[in-house]
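Novice: Attaching a single structure in structure tokens format; questions to follow.
The values are calculated or read from the model by the stated rules, or taken from the named source; none is laboratory data. This structure is a prediction, so every number in the text was calculated from the model and none was measured. Cβ sites come from the backbone with ideal geometry, for glycine too, and all protein chains shown count toward neighbours. The area values use the complete protein model at the heavy-atom level, side chains included, leaving out ligands, DNA and RNA. Shrake-Rupley method; radii C 1.70, N 1.55, O 1.52, S 1.80 Å.
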Amino acid sequence: MPLLCITREKWHRPAIAFWLVLAQTTLAQNMSSPARVHEQFSKEEAALEARISFLIEQLTAQNFHQREDAKWELERIGLPAFEQLRAAIDHPNPQIAEVACYIIQNQNVVWALDTDSLDVRLLLKDYNRCTKDDQKTRFEQLAAKGSADAQLALCRFARFESREDMSKLAALALMNMVIADARFQNLDLVRSVRYSIGSCQRPATNWLLCLADDIEHLQAAQPSSENSPADRFTDRIAAWRGLVDEEYSQALKHPNSLMDDQQIRQVTLTFYQWIGTWIAENAGRETALTLTRPILDLVPDEIGRIQEIAIWALDEHQAALVIELALQKNAFFERTPSLLFLLAEAWRELEDPQQATHTFNRASQSIVDEVSRFKHLMRDTPGSYEAGRRLDFANFLNERGQFDWAEIELVKALSAVLDAHSELNQAQDPVDGIDVSRQRRLERIEEQLRIQLGFFYWQGSEYAKAANSLEPAVEKRKKLLATIEENPLLANEADPVAIYYYYRGLQLVQNGEKSAAVEALKQALRLDSGNPDVMIALQEATESEEDQSFFEQEFHRMTTTFRRRVHEAETALATATDRNSRASASIELASACNQLAWLLGKCRTSGQEAIALSRRSLEQFPGEAAYLDTLARCYFSVGDIQSAIHYQQKAVAAEPHERQLATQLAEFLAAQSILPSESAK
């Protein structure tokens, strides 16, 4: 389909000229005379605007045929008439307003340009038939591509999407792309935005134009010892303040009672979040806090939305907003442990440890209160319910980087299960085996908690605690070990035991007891022959020739297995005929490539193969923190420390509270710091 158009009748010649000039000026990278092209663009646009204005007024002509001809021609002109038709919706003459609204709502837009890449055209092809959620996903996919044609497509949606909320979401997708990657803060993007948007004055395009002005300002500003970056950005704040105030006043007109009103407020909240991040980055947190404070008035009385805003504020180091939010939504905070945990984190960020500890204790106690409130509805023991809730919040705190509090909740969860064990053991006259079945469930819950606690300690390199946490559960499993080789169906029963021996081996390596470590790691391999981390630890522990020979034999076996998995996954992906099979093959391929790359990288062998494998996993799942972590390790193994740091920083940015990612980044930075002294020697 040629150029952007509506699929009705033929093109009107002024519209063709308008869009040809637009496409040429936005996409040409080496124009000989940009000023002349822009002048021609302006003349064409002015002539077309005059014609459209005349036709809109003709919609109230006394002659029926004149009215119909005007309407028909406006439909033929299509999108170039969009802004003026949109303005005509508020025309004092109700007949003009009604016809203008009808024309806009009935345009069937073809969003792609001939100059768009195939990937972009495929994303735009069936946009009009998608659900609203799918359309939002298309915006995100275009932003993820980041190419010039994807940027232009988002600008077109911001300008011509008839629904105001979708227009804003398209603009926000482009704006988020600029924040996510500073490479897009360049004058090429500015030119694309200006030419694509033209003279449009709707809210979303005003946001993009203001962003374009910011980028130009930042590009032109000369660093000075006298002025900080925030000082150089000060004069841009007024422009954003006007847009923020306008958006705030529009949102308040919608009482949040209807679904459409809620969606409008949701978009406004998202805009405020973007403003907070952008202004904090360029003008400082205090200025951002002043601009974004009105966001609190728009937060709905929904726990999920309150939590989302609180997490955003903490991630943007705006802890004061969380305190104010807790005052406004006190009833929700008092009965919701996750919100109280976030409030405790806010007090900690504001360097008030007493309030932080007090609030954390309230949050922890609120879990007990929750168990008491719902005790009469529970089919299982209150202890198992409490353990499950504490485990959930421990994971939540761990993801937030509050590791000491996460440990407390994990230990309390385990204590709750052990107390429930004691209560059942003391119960008199069990009926129909109910207590026995509950006991078995509690044993399973205890084991899972011990595995989780061991994993938590392992992430923090506390290997002795990791092994000791798991040991009681392992003692109950050891009787199965003798039968595992005879009955493969019991292989999964060995998993906790294999993990225990792995942790114990790491502890022994840490203590310098390498001979004992080798024996523990051999046990782990016998029970779980496919864990590359065990093999990596074994290499570090190996000292004797006998152990070295064992390592080489097992290393060859494991790498051969992984290479076979990679080959099979590649074949499955190439021959997949439906979406589900492709998705399944892609997941398997990414996992196999990542595990083999990690093994090769950590063992410092076949470095280039490891890099290629790691890149292949990232092709399946771009931006995945664990895969970026592996790629960084692979580069480090071949001595490319700069690339290792680059990709490790991207991994940490994706998962800022993951301790092992931060530990590996510290290792790479430390290696970089000793390079000059080594070269001097």
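Novice: I'd like the FRET efficiency for Ala572 and Glu667, computed as 1/(1 + (r/R0)^6) with the beta carbon distance as r and R0 of 30 Å, rounded to 0.05.
Specialist: 0.25
Novice: Estimate the FRET efficiency between Gln642 and Thr137 by the formula 1/(1 + (r/R0)^6), using the beta-carbon distance for r and 60 Å for R0, to the nearest 0.05.
Specialist: 0.95
Novice: Can you give me the distance in nm between label points at Lys650 and Glu68, each placed 7 Å from the Cα along the Cα-to-Cβ direction?
Specialist: My value for the distance between the label points is 6.0 nm.
Novice: Right, here's the next one. Looking at Leu172, Tyr102, Leu118, which one has the Cα that reaches farthest to the positive end of the dipole of segment 101-219 (charges on Cβ: Lys, Arg +1; Asp, Glu -1)?
Specialist: Tyr102
Novice: Whole-Hz Karplus ³J(HN,Hα) for segment 582-592, in order, using 6.51 cos²θ - 1.76 cosθ + 1.60 and θ = phi - 60°, x for Gly and Pro?
Specialist: The phi angles translate into 5, 5, 5, 5, 5, 5, 5, 5, 4, 5, 5 Hz.
Novice: Give me the number: length gained by fully extending Glu334 to Glu349, i.e. 0.36 nm times residue separation minus the C-alpha to C-alpha distance, one decimal in nm.
Specialist: 3.4 nm
Novice: For a Förster distance of 25 Å, can you work out the FRET efficiency between the beta-carbons of Phe550 and Arg604, rounded to the nearest 0.05? Write down the numbers at each step before the final one.
Specialist: Details: r = 19 Å, r/R0 = 0.75.
With R0 = 25 Å, the Cβ-Cβ based efficiency is 0.85.
Novice: Modelled label-to-label distance, Glu443 and Glu216, 7 Å Cα→beta-carbon offset: nm?
Specialist: 7.4
Novice: Which of the three applies to segment 549-668, rounded, prolate or oblate, going by the alpha-carbon gyration tensor with a ≥ b ≥ c and a/c under 1.5 meaning rounded?
Specialist: Cα axes put segment 549-668 in the oblate bin.
Novice: Considering only C-alpha atoms, what is the centroid distance from segment 267-312 to segment 627-662, in Å?
Specialist: First find each Cα centre; the distance between them is then 30 Å.
Novice: Which value, in debye to the nearest 20, describes the size of the charge dipole of segment 49-156 about its Cα centre when Lys and Arg Cβ atoms bear +1, Asp and Glu Cβ atoms bear -1, and nothing else is charged?
Specialist: Using only the charged Cβ atoms, the result is roughly 200 debye.
Novice: May I ask you to work out the translational diffusion coefficient for segment 109-173 at 25 °C, viscosity 0.890 mPa s, via Stokes-Einstein with Rh from the Kirkwood sum over Cα pairs, reported in whole µm²/s?
Specialist: Reported coefficient: 215 µm²/s.
Novice: Simple spin-label model, 7 Å along Cα-to-Cβ: Thr234 to His657 in nm?
Specialist: About 3.7 nm, to one decimal.
Novice: When every alpha-carbon pair in segment 280-413 is counted, what percent end up more than 27 Å apart?
Specialist: Summing the P(r) tail past 27 Å for segment 280-413 gives 22 percent.
Novice: Here is a further query. Leaving out ligands, DNA and RNA but keeping every protein chain, what accessible area does Glu83 have, in Å² rounded to the nearest 10, with a 1.4 Å probe?
Specialist: Roughly 40 Å² of Glu83 is accessible to a 1.4 Å probe.
Novice: Could you work out how much longer the chain between Gln185 and Tyr102 gets when fully extended? Use 0.36 nm per residue separation minus the Cα distance between them, nm to one decimal.
Specialist: Result: 26.0 nm gained on full extension.
Novice: For the modelled label position 7 Å from the Cα of Gln201 along Cα-to-Cβ, which residues of segment 80-95 have backbone nitrogen atoms closer than 12 Å?
Specialist: Output list for this probe position: 84, 87-88.
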